[in-house]
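Bear in mind these aren't lab numbers, they're just calculated from the coordinates by the rules spelled out. Bear in mind that the values here come from a model prediction, so they are computed numbers and not experimental data. Please note: Cβ atoms are built from the backbone with ideal geometry, for glycine as well, and neighbour counts cover all protein chains shown.
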Amino acid sequence: MMQGFATVFERLQQIVGGDHVLTRDADVAPYVVDWRGRYRGSARAVVQPASTDQVARVVRACAELAVPIVPQGGNTGMCGAATPDRSGDEIVLSLARMRAIRELDAANATITVEAGVTLADVQQTARDAGMLFPLSLASEGSCTIGGNLSTNAGGTAVLRYGNARELVLGVEVVLADGRVWNGLRGLRKDNSGYDLKQLFVGSEGTLGIVTAAVLKLFPAPTARVTALAAVADVAHAVDLLRVIKHTLGDRLTGFELISGFALYLSRKHHPGSPDPLPGHPWYVLLQVDDSGDVALADAVERALSHVAEDALIVDATIAQSQEQADRLWSLRENISEAQRREGQNVKHDISLPISAIAQFTREAENAIVAAFPGARVVVFGHLGDGNLHYNVAAPECVDAQQFLANTPAINRIVHDRVVAAGGSISAEHGIGVLKRDELAHYKTPLELELMRRIKSALDPRGLLNPGKVL
């Protein structure tokens, strides 16, 4: 064992205990590969602190010994931000043991949780108190609040409640030198200087390590309606969104666009999934919530009948039970896993003005198929807030891994059109390693300069998640 490594190892063991400094290859292996299996690295050790004080002491020790740190939550990210590089110099700082619900303040409608609490546990704790935490993702059973905040996660309810940035009121952060900033304030109005918490939300662990957060809660809906509608094309889906928003107002919580091919993959890799409206090119999955409105189902049915008369939808089905609603949502939530099973694909997490989405999807697919005949475009996402997961899979009988060599050319086709339409190359998955070069390509020199100055001010030695984002 090298002397430098022995020193680091001994310091970390003293802080978190020997059982929580993992160095054996078999123990470390799950922490050095991303969920999709695209990024694989190496680490000196995986360190598992159980408290903010331990995180601070680990960071302080690493700062003194110039050891880079890769913070990690549930390791469900899409862009490689939580995966160490191949140097073997970095440690992975897993926050998964920090699972405490510190406080639920019903009168203030807030919940204070540690970074390693899973999203599903926050949702359940809120439900047990008769309240709602609305952030909802397909990976909610394993993703953690720390990870959600690090990427400014979005999910299926952004249309009504906003993304993670809008759902957090305060944070506790361990800085690059090991000091702890306690910003756990449950205030909805606080103009006492710069809003420092927003520096850390969406920064992917490059500016500081979020160890706890104060999150907003909402009244739990007492009525919920889920419906699946078939539409002829994306333009009709956009028109449907406008009409349904006008008709149902802020009761519209989710409005998901799903291509017929994406739905096919979901069912292919999850046998037994429902197929209520087979054979259409595009679908919309919508959810409507309300408190105290027992006639909500009738309102949704009337709205769908009206849009059917106007030929905005071809057909529709409304879930008649929570079980049916869950099965409809499973079609949408299983798409990412289905794509993983189908094989590696070129992923894009983009946002566009809603008014530009129909033209973008039409022109981008035409350009991709012209450049790569047989390529299969998998489109799904949160049409209600302009966020599409626009993915390109290899043609049938073409090796998926080999097809990834076309990623730069496909990125240029997609991202050039996104930026030309006033959109963003990253909506909710972050930048990580996957989009680092793309960020440098599309951000202006001034934007990049400002980002680097912030990074330098908060992490002057570049030890927090090096090589990610910038």
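In the chain, the sites counted are trypsin sites (Lys or Arg not before Pro) in DSSP loop states with at most 13 other Cβ atoms within 10 Å, and the longest stretch holding none of them, exclusive of the sites, is 190-460.
With the cut-off at 1.5 for a/c, could you classify the stretch 118-269 from its C-alpha gyration tensor as rounded, prolate or oblate? Prolate is the answer for the stretch 118-269, as a/c is 1.5 or above and a/b outweighs b/c.
Using only Cα atoms, tell me the angle between helix 119-128 and the longest principal axis of the chain; keep it within 0 to 90° and round to the nearest 10. Once rounded, the angle reads 70 degrees. Taking the DSSP beta bridges with both ends in the stretch 1-131, the antiparallel portion is around 50 percent. Computed on the chain, with alpha-carbon pairs under 8 angstrom and 6+ residues apart, the relative contact order is 15 percent. Take every Cα pair under 8 Å whose residues are at least 6 apart in sequence, average their separation, divide by the length of the stretch 192-307, and the relative contact order is 38 percent. Here the calculated FRET efficiency for Ser355 and Asp19, from their Cβ-Cβ distance with R0 = 41 Å, stands at 0.15, rounded to the nearest 0.05.
Taking every DSSP bridge with both residues inside the stretch 65-202, close to 70 percent are antiparallel. Look at the dipole of the chain built from charges on Cβ: of Leu187, Ala129, Ile91, the Cα furthest out on the positive end belongs to Ile91. On C-alpha positions alone, give me the angle between the axis of helix 296-309 and the longest principal axis of the chain, in degrees, nearest 10. The two axes meet at around 60 degrees. Relative to the longest principal axis of the Cα atoms of the chain, the long axis of helix 445-458 lies at roughly 40 degrees.
From the largest down, the stretch 3-94 spans 34, 28, 22 angstrom on the principal axes of its Cα atoms. Only DSSP H runs of four or more residues enter the estimate; each adds -39500 (n - 2.57), and after division by the residues of the chain the mean residue ellipticity at 222 nm equals -10500 deg cm²/dmol. Karplus-derived 3J(HN,Hα) values for the stretch 424-437, using 6.51 cos²θ - 1.76 cosθ + 1.60 with θ = phi - 60°, are 10, 7, 9, 9, 9, 9, x, 10, x, 9, 3, 10, 4, 5 Hz; glycine and proline are entered as x. Using a ≥ b ≥ c from the Cα gyration tensor of the stretch 223-336 (square roots of the eigenvalues), is it rounded, prolate or oblate, where a/c under 1.5 gives rounded and otherwise the larger of a/b and b/c decides, a/b for prolate? The shape class here is oblate.
Summary of the geometry: the stretch 125-197 and the stretch 393-420, compared by the centres of their Cα atoms, lie 33 Å apart.
On a 29 Å Cα-Cα criterion, which of the cross-link pairs Lys268/Lys468; Lys216/Lys245; Lys216/Lys347 come out too long? Result: Lys268/Lys468; Lys216/Lys347 exceed 29 Å. In terms of its alpha-carbon gyration tensor, the stretch 351-398 comes out oblate; a/c meets the 1.5 threshold, while b/c is at least as large as a/b. The Cβ shell under 13 Å around Pro281 holds other residues with a net charge of -2, Lys and Arg each +1, Asp and Glu each -1. Listing His246, His269 from fewest to most neighbouring C-beta atoms within 10 Å gives His246, His269.
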